[in-house]
Amino acid sequence: MKVLVVGPGGREHAIIKSLLADPKVSEVHAAPGNAGIAQDVPVHPVNAQDPQAVTELARQLHADLVVVGPEAPLVAGVGGALREAGFPVFGPSKDAARIEGSKAFAKEIMAAANVPTARAVATSDMAEVREALTEFGAPHVVKDDGLAAGKGVVVTSERDRAEAHARECVEAGGSVVIEEFLEGPEVSLFVITDGERVVPLIPAQDFKRVRDNDQGPNTGGMGAYTPLDWLPEGFTDGVVERVARPVVDELRRRGTPFTGVLYCGLAVTKRGVQVIEFNARFGDPETQSVLAMLESPLGELMLDAAQGRLSEDGALEWKSGASVTVVLAAQNYPGAPRKGDAITGLDQAESVEETHVIHAGTATNNAGDIVSAGGRVLAVVSHGADLNEARERGYRGMESISLPGAHYRGDIALAAAEGRITLPTTAEEQA
């Protein structure tokens, strides 16, 4: 089959690499792609958030499947336009994508589906904001209700900073969700769904803060790893039954079935597993590590989901060992990133055993050099027999890459590799 992947980032590059490994995928195209994607497949300079433009490109290519990667095109309705034109689409409709596009809507769905999540108040009234901050106490969690590329969330013990973030969102014409803080390690679980059936991938963990030891502001994600050997047996099945399937069922009941991948952002707390957030697409950078471990054909899986014939019977096949992803960010990220600097050492990074580079914010200049073009520039993805070997390979690859002013975290997967992640004791275990 011929597949069109919509989006410009690292998630899309990781998807494309997996699709190219599927023997049933004959051709892959990207729109708009980036400099690294352009080295692997043909790219097309199309606005990913323009439903008509994307649909016309799919028509010109005679695409057998269209994969919509980022959240913005999904919320803009690109998936719906493609479906109306008769294309199988991996990605939810605009209405179903509201589960990411509005955190208040996600809370409404979770309440209806009886899914465990933090207590929350959705408001655009600053008096209600202050009441909620007082009620829930510190640490304060303040979320921009709309899309913010992973950077619209402030978690702080400083009351003034929490109020200031809420005020910025409200004065910009939006609203906020104030939540109670969920204490416990975080887990990302992707589930593939055709709107009825649900197939989970392996859990991963990402690193949101910009600096080591979870210091500094939130980012779109500075690294990830999988598997999570510290999770209890049956964790994934439990999340499918208590979280993913009830949400998929509720969206279908409302007449807006969700097709594609549902990202479940979870916290393992003393009250059990609680949902932090949902995304309507693969998370970046967890996707890079999860897909690096997947041996089952990705194109076939996506097409089955898009065509409503997903099978829950056959278990997916996974590599043994572990995968670690380390993100290289541009100078000043997550603020206004510096752009246009040449990146060197990419070939050396890819020469490290079982290691490859995934491009995110990259472009090509007039001289043909690959240059930085975004906040998160690229990721080094490595595989090893265990987390220690995967980390060693990944960081060895990263050390060979040069970009002026760039930075990356040095502690991705370190706590897990050293066995330092502990789970809170639940009320049942205490009893």
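Residue-wise HN-Hα couplings along the range 253-258, as the Karplus relation 6.51 cos²θ - 1.76 cosθ + 1.60 with θ = phi - 60° gives them from phi, are 4, 7, x, 10, x, 9 Hz; Gly and Pro carry x.
Of the beta bridges DSSP finds with both residues in the chain, what % are antiparallel, to the nearest 5?
For the chain, the DSSP antiparallel bridge percentage is about 80.
Restricting attention to the chain, lysine pairs at least eight places apart or on different chains and with alpha-carbon atoms under 17 angstrom apart total 10. Relative to the current alpha-carbon distance between residue 111 and residue 167, full extension at 0.36 nm per residue lengthens the span by 17.5 nm. Charge dipole (Cα centre; +1 on Lys/Arg Cβ, -1 on Asp/Glu Cβ; no other charges) of the range 1-148 amounts to roughly 280 debye. The convex hull around the C-alpha trace of the range 202-323, projected and averaged over every direction, spans 8.9 square nanometres. Once the chain from residue 241 to residue 84 is taken as fully extended at 0.36 nm per residue, the excess over their C-alpha distance is 53.4 nm. Per residue, the range 155-264 exposes an accessible area of 40 Å² to a 1.4 Å probe, with every protein chain left in place. Counting only Cβ charges, +1 for Lys and Arg and -1 for Asp and Glu, the dipole size of the chain around its Cα centre is about 680 debye. For residue 383, the accessible area of its heavy atoms, probed at 1.4 Å with every protein chain present, is near 20 square angstrom.
Sorted by average packing, counted as other Cβ atoms within 10 angstrom per residue and highest first, what order do 88-95, 340-347, 329-336 take? Please report the intermediate quantities before stating the final value.
Details: 88-95: 24.6, 340-347: 15.5, 329-336: 19.1.
Output ranking for 88-95, 340-347, 329-336: 88-95, 329-336, 340-347.
The trypsin sites (Lys or Arg not before Pro) of the range 276-336 meeting both criteria, a DSSP state outside H, G, I, E and B (loop) and at most 14 other C-beta atoms within 10 angstrom of the site's C-beta, are 309, 319. Surface exposure of the range 327-382, expressed per residue as accessible area with a 1.4 Å probe, stands at 42 Å². Descending by average beta-carbon neighbour count within 10 Å, the peptides 361-367, 70-76, 182-188 line up as 70-76, 182-188, 361-367, the highest first. The phi-based Karplus calculation (6.51 cos²θ - 1.76 cosθ + 1.60; θ = phi - 60°) puts the 3J(HN,Hα) values of the range 208-221 at 7, 6, 6, 10, 3, 6, 6, 9, x, x, 5, 10, x, x Hz, whole numbers, x for Gly and Pro.
Would you work out the charge dipole size for the range 316-372 about its Cα centre, treating the Cβ of every Lys and Arg as +1 and the Cβ of every Asp and Glu as -1, and quote it to the nearest 20 debye? Kindly include the intermediate steps, with their values, before the conclusion.
On the way: 3 positive and 7 negative charges, 67 e Å.
Here the range 316-372 has a charge dipole of around 320 debye.
Listed values for the range 375-380 are Karplus-derived 3J(HN,Hα) couplings in whole Hz (6.51 cos²θ - 1.76 cosθ + 1.60, θ = phi - 60°), namely x, 8, 7, 7, 9, 9, and x replaces Gly and Pro. Note on the chain: dipole from Cβ charges, positive end direction compared against 55, 68, 307; the farthest Cα belongs to 55.
With helices as the sole contributors, the chain gives -8500 deg cm²/dmol at 222 nm; each DSSP H run of n ≥ 4 counts as -39500 (n - 2.57), and the sum is divided by every residue.
Of the peptides 255-265, 112-122, the order by per-residue mean of other Cβ atoms within 10 Å, starting with the highest, comes out as 255-265, 112-122.
Among the protein heavy atoms of the chain, carbon and sulfur supply 45% of the accessible surface, probe 1.4 Å, non-protein parts ignored.
The values are calculated or read from the model by the stated rules, or taken from the named source; none is laboratory data. Predicted, not measured: the structure shown is a model, and the values here were computed from it. Cβ: placed from backbone, ideal geometry, glycine included. Neighbour counts: every protein chain shown. Note: accessible area is taken over every heavy atom of the protein model, side chains too, but ligands, DNA and RNA are not part of it. Shrake-Rupley method; radii C 1.70, N 1.55, O 1.52, S 1.80 Å.
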